[in-house]
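S.K.: Below you will find the structure I want to go over with you.
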Amino acid sequence: MGSWPADVERRISAGRQTEKGRAKQIDVLKPGWRSAMAQGQAISLLTRAYHHTGNKTYLKAALKALKPFDVDSKDGGVRATFLGRYPWYEEYPTTSPTFVLNGFMFSLVGLYDLAQTKDAALGEKGVSTAQRLFNNGSSSLRAMIGLFDTGSGSSYDLRHFSSGVGAPVIARAEYHVTHINLLAALSSVLPRDKVISDVHKRWLAYHNGKRIKPN
């Protein structure tokens with residue numbers, strides 16, 4: 001599998017705290033786990049290296065790096081599914097999905113970069129694997145982005161939902177700005193996507209002090 005495994009252990013908790021004030025651990029990623037965020041960033045780098053040099057070794061490596069996106073987390077890949085319907089590329093591929101937002105969007109950027117490469121191998125019906133993965137991922141983002149909206153900022157992930165315990169993990173300022181910047185990048189390549197565009201504008205307004213009024 002074309003990937004770059006992380007050689008460190010990562011412990012994932014269910015949220016900031018439980019009723020007793022302690023975070024419940026939901027998973028441990030042993031050394032060797034793969035991250036959709038790392039895969040996406042590597043794909044972006046390899047794609048740019050290929051465009052700059054014309055060396056197809058970089059392109060072949062980028063194409064191999066797509067493989068974990070089609071493999072479920074439990075089987076060593078990076079794919080989770082939300083409510084049995086929406087594919088999500090996991091920054092932390094835990095058994096109980098966390099649905100980290102920034103890592104997912106970073107992976108989409110990498111998939112988009114490779115999908116725009118005319119020499120990328122074509123799959124079913126003339127659509128490259130990268131394009132299929134990007135299309136499916138952007139559809140999931142469109143359907144799920146509202147779940148991360150707090151009315152005054154954004155959530156870092158959805159582990160409170162998937163694990164069933166713990167409070168939401170609210171994105172601190174740096175992560176909220178990262179969300180805004182990634183939404184801007186994705187909105188620029190999905191110009192007709194009003195949902196993503198509107199959320200980008202609303203989250204930018206949150207960053208500038210705006211809050212949604214209560215009913």
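The values are calculated or read from the model by the stated rules, or taken from the named source; none is laboratory data. Quantities reported herein were computed from a predicted structural model and do not represent experimental measurements. As a convention, Cβ positions derive from the backbone with ideal geometry for all residues, glycine included, and neighbour counts pool all protein chains shown. The accessibility values were calculated without ligands, DNA or RNA, using every heavy atom of the protein model including side chains. Shrake-Rupley method; radii C 1.70, N 1.55, O 1.52, S 1.80 Å.
S.K.: Listed highest first by mean packing, meaning other Cβ atoms within 10 Å per residue, what order do 161-170, 58-67, 91-100 come in?
M.R.: 91-100, 58-67, 161-170
S.K.: One quarter of the convex hull surface, Cα atoms only: what value does that give for the chain in nm²?
M.R.: 13.4
S.K.: While we're on this one: Taking the simple approach of a point 7 Å from Cα along Cα-to-Cβ for both VAL8 and THR53, what is their distance in nm?
M.R.: It is 2.7 nm.
S.K.: Also, quick follow-up: Whenever you get a sec, line up MET37, MET144 from highest to lowest accessible area (probe 1.4 Å, protein heavy atoms).
M.R.: Result, largest first: MET37, MET144.
S.K.: Name the long-range amide H neighbours of SER128: under 5 Å, sequence gap of 5 or more, or other chain; modelled H, no Pro or chain starts.
M.R.: HN-HN under 5 Å from SER128: GLY123.
S.K.: Hey, can you list the DSSP H helices of the chain whose Cα span along the axis is 18 Å or longer and whose average Kyte-Doolittle score is at least 0.5?
M.R.: Membrane-span-like by this criterion, though nothing is claimed about a membrane: 101-115, 173-189.
S.K.: With every protein chain in place, what's the accessible area of ARG10 (1.4 Å probe, Å², nearest 10)?
M.R.: 100
S.K.: Here's something else I'd like to know. If the limit is 31 Å between Cα atoms, which of LYS30/LYS60; LYS67/LYS118; LYS67/LYS210; LYS30/LYS67; LYS67/LYS201 go over it?
M.R.: LYS67/LYS210; LYS67/LYS201
S.K.: Within the set of other residues whose C-beta is less than 12 Å from the C-beta of ALA62, count the net charge using Lys and Arg as +1 and Asp and Glu as -1.
M.R.: Charge balance near ALA62 sits at +3.
S.K.: As a test question: what accessible area, to the nearest 10 Å², does TYR112 have when a 1.4 Å probe is rolled over all protein chains in place?
M.R.: 60
S.K.: Taking amide H positions as placed 1.01 Å from N in the peptide plane, with prolines and chain starts having none, which residues 5 or more places from SER154, or on another chain, fall under 5 Å of its amide H?
M.R.: ALA171
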